[in-house]
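The values are calculated or read from the model by the stated rules, or taken from the named source; none is laboratory data. For clarity, every value in this text was computed on a predicted model and none was experimentally measured. FYI the Cβ positions are ideal-geometry reconstructions off the backbone, even for glycines, and counts take in every protein chain you see. To get the accessible areas, we keep the full protein, side chains included, count just its heavy atoms, and leave off ligands, DNA and RNA. Shrake-Rupley method; radii C 1.70, N 1.55, O 1.52, S 1.80 Å.
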Amino acid sequence: MSPSYVRSFSEGCLRPPTVIGQFHTLFFGSVRMFFLGVLGFAVYGNEALHFSCDPDKREVNLFCYNQFRPITPQVFWALQLVIVLVPGAFFHLYAACKSIKQEDNLQKSFYTGFYIFSVFLRIILEAVAFWLQTQLFGFKVNAIYMCDMGVLEKKFNVTRCMVPEHFEKTIFLIAMYTFTVITVFLCVAEIFEITCRRLGFLKTQ
């Protein structure tokens, strides 16, 4: 791989062609990932160990925790971040293969349309992730979870389980919803910026 190709890739492709896109990259890459990686581990890291039910047996705790968390929030949000990055990654990969300069991304209709499509796809993926999060985790983590034990032990139909640090998890949950909303807002604003540049209302970078 030649040095000129590497320079073209780093200067012309990794940097989004809009101001809002660059801010989104900073917000997405820094704040959101830091929040999930550092604070997410602090809040959810030992959840399974402290999740306890009545009766407090290992098999009961594991069974009810798997019922309570079909997928752990950390895994879900990590998958969300990776999947949402895919549309932009495809655009940058295409731009790298075609040796498209950063300043040319908004000059040609095809490149502009391709980039807008990637932003629209990002919005759709964020919206789907938001809906899935509401179905999996809701908007509040309760202190008590009622576990259906009918499959494991016939004599225990429903048992009470204690969810550790439920208030902290609720705050974290709301924060992740907020990050998704902010990301969607930035994507919409980026499309608006691109439209304004194409119409000549804003000076092209």
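Taking the Cβ-Cβ separation of MET162 and LYS57 as r and a Förster radius of 25 Å, what is the calculated FRET efficiency to the nearest 0.05?
Working: r = 14 Å, r/R0 = 0.56.
For R0 = 25 Å, the calculated efficiency reads 0.95.
Can you compute 3J(HN,Hα) from phi for each residue in the stretch 134-144, using the Karplus curve 6.51 cos²θ - 1.76 cosθ + 1.60 with θ = phi - 60°, rounded to whole Hz and x for Gly and Pro?
5, 6, 7, 10, x, 10, 8, 9, 7, 5, 10
Taking amide H atoms as placed 1.01 Å from N in the peptide plane, list the residues 5 or more away in sequence, or in a different chain, whose amide H sits under 5 Å from that of VAL141.
For VAL141, whose amide H was placed from the backbone, the distant partners under 5 Å are THR170.
Kindly sort TYR111, TYR94, TYR44 by accessible area of their heavy atoms, largest first, with the probe set to 1.4 Å.
TYR94, TYR111, TYR44
Can you work out ³J(HN,Hα) from phi for every residue in the stretch 47-60, in order, using Karplus 6.51 cos²θ - 1.76 cosθ + 1.60 and θ = phi - 60°, giving whole Hz and x for Gly and Pro?
Karplus-based 3J(HN,Hα) across the stretch 47-60 equals 4, 5, 5, 9, 6, 10, 10, 10, x, 7, 10, 4, 5, 5 Hz.
If you place +1 on the Cβ of every Lys and Arg and -1 on the Cβ of every Asp and Glu, how big does the dipole about the Cα centre of the stretch 126-178 come out, in debye to the nearest 20?
Using only the charged Cβ atoms, the result is roughly 240 debye.
Out of residues 5 or more away from SER52 or on other chains, whose amide H comes under 5 Å of its own, with H placed 1.01 Å from N in the peptide plane?
MET162
Starting at the first residue of the stretch 33-43, write each ³J(HN,Hα) from the Karplus equation 6.51 cos²θ - 1.76 cosθ + 1.60 with θ = phi - 60°, in whole Hz, x for Gly and Pro.
5, 5, 4, 6, x, 8, 6, x, 5, 5, 7
Go through LEU26, LEU85, LEU186 and list them by solvent-accessible area, largest first, probe radius 1.4 Å.
LEU26, LEU85, LEU186
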